[in-house]
Amino acid sequence: MLIKLAEILDVSVSELIGSDVADEKNEDMIAVELARVVEQLASRNRRSKKVLKCVLIFLIILLLFFVFLCVINFAAM
C-alpha cells in the first residue's frame, strides 16, 4: 500500500515513512536478500507444481480404475 501511495505522490517509500535514505552498501544487502527470497519463492513454486502434478496423476489413475471396475461390472451382467 505504501508503494502505491509513493508512486502516486512520486516520492520514495522511505520519504513517506520519514526514514533516512539508505546508503549504497545497505542497498546491496537488500538486493542480495531480495535475490535470496526470489530464489526461495521460485523453489517453493516448483515444489508446489510438482506436488500438484503428482496429485492430478493419482486422481486420474484412480478415476481410470473406477471406470475399469464399472466396465467389468457391466460386462459381468
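The values are calculated or read from the model by the stated rules, or taken from the named source; none is laboratory data. This one's a predicted model, so the numbers in the text were calculated from it and none came from an experiment. So basically every Cβ, Gly included, is an ideal-geometry build from the backbone, and we count neighbours across all protein chains shown.
Numbers for the structure displayed
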quantity	calculated
Check on ILE57, loosely packed, with under 10 Cβ neighbours inside 10 Å and out of contact with any Cys (no Cβ under 6 Å at 6 or more places or on another chain)	no
Answer residue from segment 1-43, given it is in a loop (DSSP other than H, G, I, E, B) and surrounded by 11 or more Cβ atoms within 10 Å (Cβ to Cβ) and is modelled with the lowest pLDDT among those	ALA22
